[in-house]
Amino acid sequence: MPSWSKLGIIAGGGELPVVLAEHCAATNRPYFVARVTPYADAALDAHPGSSNSLGHMGARMDAMRAAGCDAVVLIGQVPRQDPRNLNLDAGGMAMAPALLAAAPQGDDALLRALLSEHERAGFRVVGADEAMVDLLAQPGAWGAVAPSPQQQKDIARAAKIAAAIGSYDVGQGVVVCDGIVLAVEAQEGTDAMLGRVSELPLTVRGAPEARRGVLVKRPKPIQERRIDLPTMGVRTIEGAAKAGLAGIAVEAGGALVVRRDEVIAAADRAGIFVVGFTPADVGEA
């Protein structure tokens, strides 16, 4: 059972906040959805909650307090923005100095500052994996397809590169094909990165009829794991399939999977593998 009384779900864009809200409703766990407009999915309107813009941080926290929330989870996609350009309410203005000081240090520093401000306001901050443990990626192959020895080598190489760029707070995803690095993820996100790969010449990437290459996603070594863990869903499968990749590998216990059964079904239809790897699988101690 959770160690909090009522969970405030601070919901950005994407399916993940919807999955968590549905999980809380189905398991009769008290929750309140603090929708960040205009990013939160319209499906969240059916759940108890409030709607506030990104800069109205004070109003959002007031609404969660009034609802009786003692813990919060920050989940979903929100584009990186300069705090100085937001329409801040009084609560947002109080948080602004800490956020402005952290922003030039990178995404992880900014997210840590955001978490600290919520803790300072009296909320316990939990990760999406703690709020719903079923979201965590599991080790091994998930569907009907498994990686070949060459693809396992690509996974190991991409995992090492992801760890290297992650140590500089660059990104969480890398695409490698036959030992060649095709793309690394930065601010554009996984979907856009896969779109770039799909436009590369077929001489360096795979095709639906002859798949090659892998996408690897893993947390940054400096990652604040209560927020911004790598995420994958059906759209990731679709992007990898369009790019001609043979499969996707995510770090077991270090990535969130949205609607796992649907992900596996989509991967099987496309004929690509999805696996969860451990550090030992990629030659790390």
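Coordinate-derived values only; no laboratory data. Bear in mind that the values here come from a model prediction, so they are computed numbers and not experimental data. Here the Cβ is made from the backbone with ideal geometry for all residues, glycine too, and neighbour counts use every protein chain on show.
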(message) Taking R0 as 30 Å, what FRET efficiency do you get between residue 78 and residue 198 from their Cβ-Cβ distance, rounded to the nearest 0.05?
(response) 0.70
(request) In nm, give the distance between the simple-model label positions of residue 259 and residue 87, each being 7 Å from the Cα along the Cα-to-Cβ direction. (result) 3.2
(message) Could you work out the relative contact order of the chain? I mean the mean sequence separation of Cα pairs under 8 Å and 6+ apart, divided by the number of residues, in percent.
(response) 17
(request) Taking the chain as the reference, fit the longest principal axis to its C-alpha atoms, fit the long axis of helix 149-166 to the helix C-alpha atoms, and give the angle between the two in degrees, 0 to 90, nearest 10. (result) 40
(request) Mind checking the full-extension length gain between residue 100 and residue 222? Use 0.36 nm per residue of separation minus the Cα-Cα distance, one decimal, nm. (result) 41.9 nm
(request) Can you figure out the FRET efficiency of residue 181 with residue 133, using R₀ = 41 Å and their beta-carbon distance, to the nearest 0.05? (result) 0.80
(request) With a cut-off of 17 Å, note down the residues of the stretch 196-230 whose backbone N falls inside the zone around a label point 7 Å from the Cα of residue 168 toward its beta carbon. (result) 220-223
(request) Kindly rank 89-101, 13-25 from highest to lowest mean number of other beta carbons found within 10 Å of each residue. (result) 13-25, 89-101
(message) Between 0 and 90 degrees, rounded to the nearest ten: what's the tilt of helix 16-26 against the longest Cα principal axis of the chain?
(response) 70
(request) Measure off 7 Å from each Cα along the Cα-to-Cβ vector at residue 45 and residue 269, then give the distance between these two points in nanometres to one decimal. (result) 2.7
(request) Count charges around residue 100 for me, please; just the other residues with Cβ under 13 Å from its Cβ, Lys/Arg as +1, Asp/Glu as -1. (result) -1
(request) Quick one: angle between helix 90-102 and the longest Cα principal axis of the chain, in degrees between 0 and 90, rounded to 10, please. (result) 40
(request) Using only alpha carbons, build the gyration tensor for the chain and give me the equivalent ellipsoid semi-axes, biggest first, whole Å. (result) 34, 20, 16
(request) DSSP loop (so not H, G, I, E, B), at most 15 other Cβ within 10 Å: list which GluC sites (Glu not before Pro) in the stretch 173-217 pass both filters. (result) 188, 199, 209
(request) Name the longest site-free stretch of the chain, where the excluded sites are trypsin sites (Lys or Arg not before Pro) in a DSSP loop with no more than 14 other beta-carbon atoms within 10 Å. (result) 81-224
(request) For every helix of n ≥ 4 consecutive DSSP H residues, a contribution of -39,500 (n - 2.57) applies; sum these over the chain, divide by its total residues, and give [θ] at 222 nm rounded to the nearest 500 deg cm²/dmol. (result) -10500 deg cm²/dmol
